[in-house]
Structure formats: C-alpha cells, structure tokens
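*Asks:* First, the structure itself, so that you have it in front of you.
None of the figures in this text is laboratory data; all of them are computed from the coordinates on show. In this text, all values refer to a predicted model and were calculated from it rather than measured experimentally. FYI the Cβ positions are ideal-geometry reconstructions off the backbone, even for glycines, and counts take in every protein chain you see.
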Amino acid sequence: MSSELIAMLGGGITGFVMKLISAQMSIQARAIDNMINRQKLADDSADRAAKRSGDGGAWIRRMIAICILFSMVFAPFIMAFFDVPVTVEKTKGGILSFLGFGLNGWKNLEGFVLLPEVRQGMLAILGFYFGSSQVK
C-alpha cells in the first residue's frame, strides 16, 4: 500500500470520527436545551398555579387549625369559670338508639364537651405540622 493511500484512508477515518463526535455533541446540546426549556415551562406553570391558589385557601385552613387548637387548649379553661351546663341526649344504647328510638331523656354535663371529631382534627394537624417539619 502506498503512503498516499494510507494518508487518504487515515484522513477519511479521522474526518469520519470527528464528524461523528461533532454530531454527538450537537445532539447532546439540543437535548440539554430541550430539558432547560421543559424546566422553564414547568417552573412557569408552577408559579402561575401558586399565584392562582392564593385565593384565601391558606387562611381558611389556618382558621380551622386555630379553631381546633382553641377548642382543645383554651376553651376547657375558659368554660371552667362559667356554670353553664352542656345538655346531651341520654340513650339506653343499642342499634335502635342510632335511629332515635331508646331516647331516655337529657343529661346535663358540667364543663366543656370535647367531641371525637375535634380530637381527630387535632391529631391530623399535629401530624401534618410535625411531618412537614421533618421534610425541610
């Protein structure tokens, strides 16, 4: 094989490899640009959603949390100073009492009646706030 043929073959192979590397770099640059553009669109969408949800929903959730905290912490102490009884139904029990049968009158309770729903709400609020503080 002559030296001119080897030089031409070597130049052709080198040109092919350089063109292949250049094409790969171009593909990677376009892929990175596409990822950056997609991230910009996602950020823009998230920003618009955050602005849209600022319609008072956070204040409503805060007000519910404040009411539950008030009824769990402060209301029992405040109600202890007043002699206003709370009246509840007194039933015999059983499945018919759920339907209104078996009502045995009314019973006065002294103090503050804490419903199970309020306790469950308090547990949910505590779990949410302590759970979200662990994520930061």
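*Asks:* State the extension gain, in nm to one decimal, for the chain segment bounded by A29 and D83, taking 0.36 nm per residue of separation less the distance between their alpha-carbons. Mind dumping the intermediate values first?
*Replies:* On the way: separation 54, 0.36 × 54 = 19.44 nm, distance 7.70 nm.
Taking 0.36 nm per residue and subtracting the Cα distance, the gain is 11.7 nm.
*Asks:* Calculate, in nm to one decimal, what S45 and S3 gain on full extension: separation in residues at 0.36 nm each, minus their alpha carbon distance.
*Replies:* Values: separation 42, 0.36 × 42 = 15.12 nm, distance 6.26 nm.
Contour length minus the Cα-Cα distance gives 8.9 nm.
*Asks:* Residue by residue, what Karplus-based ³J(HN,Hα) values in Hz, rounded to whole numbers, does the range 10-18 have, using 6.51, -1.76 and 1.60 with θ = phi - 60° and x for Gly and Pro?
*Replies:* These are the phi-based 3J(HN,Hα) values: x, x, x, 5, 4, x, 5, 5, 5 Hz.
*Asks:* Please list 3J(HN,Hα) in residue order for the range 73-81, calculated via the Karplus relation 6.51 cos²θ - 1.76 cosθ + 1.60 where θ = phi - 60°; whole Hz, with x for glycine and proline.
*Replies:* In residue order, the calculated couplings are 9, 8, 4, x, 6, 5, 5, 5, 7 Hz.
*Asks:* For the residue pair V73 and E117, what label-to-label distance in nm results when each label sits 7 Å from Cα along the Cα-to-beta-carbon direction?
*Replies:* With each label point 7 Å from Cα toward Cβ, the separation is 2.3 nm.
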